[in-house]
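Working notes for the structure below.
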Amino acid sequence: MKEFEVSNLDPAVAQAIQEMQIEQGNGFSLEKINLAELGRRTGISRHKLRRMKENGFVKTQHGLKGRKAPFTLLTGYTAILDDLLRNGIVNSTVCLKRLQQKGFPGGQTIVKEYIASHQDLVPAKRCQVSPQGSRGRRYTTEPGEAYQMDWGFTKVLDYNGNEYNAACFAMICHHCGQRYVEFFPNAKQENLFIGMVHAFQYMGIPQYILTDNMKSVVLRRDSEGRPVWQPDYEEFMGTIGFQTKLCKPRHPFTKGKVERLIRFVKDNFLAGRVFWNVTDLNYAALEWCNEQNSTYHQCISGVPQDIHFSKCAEMARMLQDVHAVRFYLCPERRISFDGFVTYEGRRFGVPYAYHGKTARVMRDGDTLYIYSADLLSLLTTHNVTWSRRDSFCDGQYETLAQPEEFPTAPVKTAIKQLKEPSLSLSFEKFNFDKEDDLDD
């Protein structure tokens, strides 16, 4: 019986050949093997076995293996993907949306495969500290009982090449994950109040707010460990009607939802984002929140918006449009000697007829409203063009009376003024009707 190398053969074919060799004994011949019997044992067609026999049943690779199509769905879009990967954007969902905006017809799978095969373009991540391995139970709340809030920051490169920081206010329902995001030029306390009021209008007022030790929230703790609230924030809590719980530093089990939300905003919403101004950015952020709130989340086994309005909204209170709340939406500004108030880095004019030293300002979209200090009267409005030039208003400066002379004796001279004639055309001289009128 002739020996042959089993290791070079296809495994299924090699096993069938060995069985046939044992059954036939010395009369077995690999050149005269019964292909029909071999096909019944292996399930391979006789046509394919005939081709394999020509190669001695040695396992060979397909002739087209390793070849790539000259054109794919990603052809013409790889430069966009490469730029996203070089900027550290590896989220396939974000990359797919950016490509679809450019007309990409493909799906998410081909984008994932491209990202996985081009990880060399992604900048190296910083090394993180290994977890300590602590064991504990996560902090849970009832529907509408607690919201989490925090600030996040992102760098903005403007059209002049200057770089500055923008603040992102984030609030999320601890029970269902309903979220609200708004951007501000800075993280001052007045912007914190505006963001909280807008979030309460969007989601309702809970019983508690979970936050960390912000300077605009708490000053210190007394000897018994109780927080000493910042006076304006304590008054704000009493006006709106909620309580605040402070979380331990570096303890994500209590306030981890909002911290994860801020990271998700940076990785998903802000990835490759371009905008005109803060108003345009907030419109896009609100649209993004509505999209995320209406999307199924596996961690809660449902849609956050549906769960919030069916369960959490029944426990949370609606924010009433009272006069006291408007004071927090309209921060106070001092009027300068030349009649301007400064808001978000820009100056807006105030009418001269207003005699107060301070005014209150509120921006709603692209319109800026200037009220009196008591919010009883609207002084003027401005179109927010986001230009660094000063915005003047009608009646900003006093109209000074100029000296004028009047007659001291009766006026007896009189003259007559005629209506100014219209300009004659070049062919008007040939108008014979006009000459007849003159003869009459």
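Since every read-out is calculated from the coordinates, none of them should be taken as a lab result. No experiment lies behind these values; they were computed from the predicted model shown. Because the Cβ atoms are built from the backbone with ideal geometry, glycine has one as well, and the counts that use them run over all protein chains shown.
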Seminar exercise, completed: Computed D for region 78-121, Stokes-Einstein, Kirkwood radius over alpha-carbon pairs, 25 °C, 0.890 mPa s, to the nearest µm² per second, is 241
Exercise. From the square roots a ≥ b ≥ c of the eigenvalues of the alpha-carbon gyration tensor of region 141-237, which class results: rounded (a/c under 1.5), prolate (a/b over b/c), or oblate?
Worked result: oblate
Problem set entry | Peptide ranges 386-393, 278-285, 201-208 listed from the most packed, as the mean C-beta count within 10 angstrom indicates | 201-208, 278-285, 386-393
Exercise. Which lysines have a Cα less than 27 Å from the Cα of residue 97, not counting those fewer than 8 places away in the same chain?
Worked result: 68, 112, 125, 155, 257, 266
Problem set entry | In sequence order, calculated HN-Hα J values of region 241-248 (Karplus, 6.51, -1.76, 1.60; Hz; x Gly/Pro) | x, 8, 10, 10, 10, 8, 9, 5
Exercise. In Å, what is the Rg of the alpha-carbon atoms in region 274-384, and how long is Dmax?
Worked result: 19.3, 59
Exercise. Considering only 340, 305, 384, whose Cα is most displaced toward the positive end of the charge dipole of region 275-420, charges sitting on Cβ of Lys, Arg (+1) and Asp, Glu (-1)?
Worked result: 340
Seminar exercise, completed: With -39,500 (n - 2.57) per DSSP H segment of 4 or more residues and division by the full residue count of the chain, the 222 nm estimate, nearest 500 deg cm²/dmol, is -9000 deg cm²/dmol
Seminar exercise, completed: The rounded separation in angstrom of the Cα centers of region 311-371 and region 238-280 is 24
Seminar exercise, completed: Which residues qualify? For residue 380, with a placed amide H closer than 5 Å and at least 5 residues away or on another chain, they are 370
Problem set entry | In order through region 355-361: 3J(HN,Hα) via Karplus (6.51 cos²θ - 1.76 cosθ + 1.60), integer Hz, x for Gly, Pro | 9, x, 8, 10, 9, 10, 10
Seminar exercise, completed: Non-local residues with an amide H under 5 Å from the amide H of residue 302, with H modelled 1.01 Å from N and Pro and chain starts lacking one, are 297
For this session: Determine ³J(HN,Hα), in whole Hz, for all residues of region 85-93 in sequence, where each value follows from phi through the Karplus function 6.51 cos²θ - 1.76 cosθ + 1.60 and θ = phi - 60°; x replaces Gly and Pro.
Result: 5, 5, 8, x, 8, 10, 6, 5, 5
Problem set entry | Ordering of 72-81, 253-262 by packing [mean C-beta count within 10 Å, highest first] | 253-262, 72-81
Seminar exercise, completed: On each of the three principal axes the extent of the alpha-carbon atoms of region 330-383, given in whole Å and largest first, is 28, 23, 16
For this session: Taking amide H positions as placed in the peptide plane 1.01 Å from N, state which residues far from residue 218 in sequence (5 or more) or on other chains have amide H under 5 Å from it.
Result: 230
Problem set entry | Only Lys, Arg (+1) and Asp, Glu (-1) charged, at Cβ; the chain dipole about Cα centre in debye | 3240
For this session: Rank 223, 29, 92 by mean-square fluctuation in a GNM of the chain with C-alpha springs under 10 angstrom and give only the top-ranked residue.
Result: 29
Exercise. When averaged across all projection directions, what area in nm² does the alpha-carbon convex hull of region 146-315 cover?
Worked result: 10.7
Exercise. Which shape class applies to the chain: rounded if a/c is under 1.5, otherwise prolate when a/b exceeds b/c and oblate if not, where a ≥ b ≥ c are the square roots of the Cα gyration tensor eigenvalues?
Worked result: oblate
